[in-house]
Structures are given as C-alpha cells and as structure tokens.
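In what follows, a single structure is set out as structure tokens and then discussed.
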Amino acid sequence: MRSAVWVVAAALGAGTSATAGAQPASPAMSSIELAVACAPPPSFSAEPEHAQHVAGAQDSAPRAIFGGHDLLVLDGGTKAGLQLGQQFFVRRPNSFGTYHHQPAYGRGAKTLGWVHVVAANESTAIAQIDHTCGDILTGDYLEAFVPPVVPAGAESTDTAGEPDFGDLGRIVNGVEDRTTFGGGDFALIDRGSDQGVVPGQRYAIYRDLRKEGLPLVSVGEAIVVSTSGSAALARITAARDAVFEGDYVARRK
C-alpha cells in the first residue's frame, strides 16, 4: 500500500517534468498503422509469463474500466524492469471457446490500446494511456510496444500468382474473437514464420461447400501484415462474401 501511495504522490508532485520527459517519441500513425496496432497480435498464445498488469487508476474513486488519457496504476515497477518512457500494449486474452478445427490452439488476445510509463518505484508504476482501441479493464496485461510496420500494398488487392493448394491454412479469429469478416478486417491464420510466411505475402481465401463434386469456391483475398512462429495476422483486402472462421487460405506463388 505504501508503495502505491508513494508512486501516486510522485506522479502528482514531481510528475510535471517527469511526465513531459517521458512522452513517447513515436511519430503520429496513419489510419492503416493505427488499425494494425489495434489488431490482435499474430499469436494464439496466452498471456506471457511474468507480465505486468493494470491494477487500477490514479483516481479519487475505485474504477475497473479505463480510457481517454487516464493514469493507470501498474502492479510492477523498476524491479520488474519498468522504466520511465517505456511504452506497452495493453492486451487481454480471448476466452470464448476453442478453435474447432485445431482444439489445441488458444484464441490469442485482443489489443485494448497502448500506454507509456510516467512514474515508477521498485514495486509499482504509473502509466498514461496514449491510445485506446477498446475499454481497458483491471487485470489487463502489458506487452512491449512495437510500432507497426505496414507492408506496401496492404490497402489494395493483388491477385497475381497462382494459389498453392498444396499447403492450405485456415482463417481462425480476429478482433474481439470475431469469426466473421469482411473487406478491410483483420484475421489470424494458422500459418506463420515456421511455415515460411512473411509480411507482404498474398493469400487467396476459399471455402469448402461440403457438397460432393463441388470444388473449393473463392471468397476473398488477403495480405499478411505480421507473423509469429505459428500464426500470422492478415488483412482481408477483398471479400466476395462474408469470410468465416475455418475458411481456407492459399498462398499465391
């Protein structure tokens, strides 16, 4: 309790110059960069081990929902590696069911926004919200902020190259654990850098109508924005129909 009181006092008292000096140096983002930053991270993994969390807000009354430019109290300080000026994504695990095609998979996480640290002692820190993508709640966790790098052509459709049907992936889920998508939406696919996927690669999206004698039907196009070992975040650039969880993705060669 004393640590929390101390760091709140530090943010209020000595904080004017400390806060100004700790402002993040990242430039203003374009609309597509903001959309990518607010999209899910390219992973189906759960919360990282030893992650710090939102414990509350610097306010005169207890709250559990935060937004705007609120000052958040974090449950870790300099002993946990937090330093003035550091930026972090605020995220929350998706927890609605399991992926029915691959039951061993998690559902990844949603991005609620990003913050930067404005005051800290050994055990507690204060962070200011820089941008919100959704409501931030008590218990949401932090991950290091990495400015988005958007591949060229991410807002356009390119159908050059034949789809490779020898290594099909699947659409999994998206923002807020969505399972239905349209043009401009972001979706996670179950192919990542371990399968040679890199940002900028194009994919054709197909659906199995499950009718004997009928081939896969084309329903859309996508471009990979970011990757991890086993997953990739793709932006759907065109959709002839709604794209669903479980639809196939075929890399264009």
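The values are calculated or read from the model by the stated rules, or taken from the named source; none is laboratory data. Just so it is clear, the structure is predicted and the values come from calculations on it, not from any experiment. For neighbour counting, all protein chains shown are included, and Cβ atoms are generated from backbone atoms with ideal geometry for every residue, glycine included. Only protein heavy atoms, including side chains, enter the accessible area calculation; ligands, DNA and RNA are left aside. Shrake-Rupley method; radii C 1.70, N 1.55, O 1.52, S 1.80 Å.
For this structure, a couple of remarks:
- Against the main long axis of the alpha-carbon atoms of the chain, helix 2-13 sits at an angle near 90°.
- Ranked order, 38, 133 - accessible area, probe 1.4 Å, largest first: 133, 38
- If R0 equals 45 Å, the separation of the Cβ atoms of residue 28 and residue 209 corresponds to a calculated FRET efficiency of about 0.50.
- Length-normalised contact order for the chain - Cα pairs under 8 Å, 6+ apart - percent: 20 percent
- Listed residues 216, 71, 34, most fluctuating in the chain (Gaussian network, C-alpha, under 10 Å): 216
- At a probe radius of 1.4 angstrom, the accessible area of the chain per residue rounds to 47 square angstrom.
- Estimated from helical segments only, the mean residue ellipticity of the chain at 222 nm is -3000 deg cm²/dmol, where each DSSP H run of four or more residues counts as -39500 (n - 2.57).
- Region 149-253: GluC sites (Glu not before Pro) falling in loop per DSSP and having at most 11 other Cβ within 10 Å: 212
- Straight Cα distances below 28 angstrom link residue 79 to the lysines 110, with same-chain residues fewer than 8 positions distant left out.
- Residue 217 exposes around 50 Å² of accessible area when a 1.4 Å probe is run over every protein chain in place.
- Projecting the alpha carbon convex hull of the chain along each direction and taking the average yields 14.9 nm².
- Taking amide hydrogens as placed 1.01 Å from N in the peptide plane, the amide H of residue 56 sits under 5 Å from those of 73, each at least 5 positions away in sequence or on another chain.
- Within the accessible area of the chain (1.4 Å probe), percent carbon and sulfur: 53 percent
- Added length on full extension, which subtracts the Cα-Cα distance from 0.36 nm per residue, residue 149 to residue 59: 28.9 nm
- Mean Cβ count within 10 Å, highest first, over the residues of peptides 232-238, 192-198: 232-238, 192-198
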